[in-house]
1. Rounded to the nearest 500, what is the chain's calculated 222 nm mean residue ellipticity when only DSSP H runs of at least 4 contribute -39500 (n - 2.57) each, over all residues?
2. Output needed: percent of Cα pairs per 10 Å distance bin for the range 35-272, bins running from 0 to the one holding the longest distance.
3. Hey, what did the range 97-168 get for relative contact order, percent, Cα under 8 Å, at least 6 apart?
4. State, as an integer percentage, the relative contact order of the range 35-272 based on alpha-carbon contacts under 8 Å between residues 6 or more apart.
5. Gaussian network model of the chain, Cα springs within a sub-10 Å range: biggest mean-square fluctuation belongs to which of 61, 78, 101?
6. So for the pair residue 272, residue 59, with labels modelled 7 Å out along Cα→Cβ, what separation do we get in nm?
7. Subtract the Cα-Cα distance of residue 214 and residue 74 from 0.36 nm times their separation in residues, and report this length gain in nm to one decimal.
8. Rank 89, 148, 117 by mean-square fluctuation in a GNM of the chain with C-alpha springs under 10 angstrom and give only the top-ranked residue.
């Protein structure tokens, strides 16, 4: 039999070399399931504990600042005002915690090869890590929201589903990318904890979760508008209450733009292997 020349998609590769011409869906799904099972195996710590902590915020702040009908913000009760912010705050924190752990623990334990050796492209690796983080955020957010539906004195009925989905998903994705970026940069758990304590926590708490920025001085209002978490929380609150501290469309575009920038940055660093392969 005579060998016939082949070209294009019919060309054979060297034995043992796997080629995925499009997306390695099986590999991507496997990585995603691995990330989900990792946090779900300890769900008492990764889902239920954050949900309980968020509900405690609701109880404490409602009793301290909004009890007996004293608290009214933007024409709604204080409890109704902070409820959406607490939901998305729990989602953001847990998306970051999940994504900042994956690559970092691999570097510390010497198992980073488990992420680098499989036949996954950089985009597939990033999608799997971010997807697992967003899933954890949705689990925490859904748990808190269901609890608030049953909580006396709190009305957490959605009014604009598109805003809840947009800011919930893109906000969680934003923190997932921040977590991946942190896990690429960090060399030990202290580095990740420093980002959590000195960057994520202040930006989250000072983003209008517990107050309306209209009550702030003009200088502090300008600072709040420079906080990306402010747009996420304001837009998410709009989905429940129909009120926001900033134009919803502008906030939606800001969050989308930040996701694109951070996603490209994470992709570039992963592709170069910065502090991972070196």
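1. -21500 deg cm²/dmol
2. 8, 32, 35, 18, 6, 1
3. Relative contact order for the range 97-168 comes out at 23 percent.
4. Working: 315 pairs, mean separation 62.5, N = 238.
Reported relative contact order: 26 percent.
5. Looking only at 61, 78, 101, the biggest GNM fluctuation is shown by 61.
6. Going by the 7 Å Cα→Cβ label model, 4.8 nm.
7. Details: separation 140, 0.36 × 140 = 50.40 nm, distance 0.94 nm.
Extending this stretch completely gives an extra 49.5 nm.
8. Highest fluctuation of the listed residues: 117.
Bear in mind these aren't lab numbers, they're just calculated from the coordinates by the rules spelled out. Worth saying up front: this structure is predicted, and the values here are computed from it rather than measured. Virtual Cβ from ideal backbone geometry, glycine too; neighbours counted across all protein chains shown.
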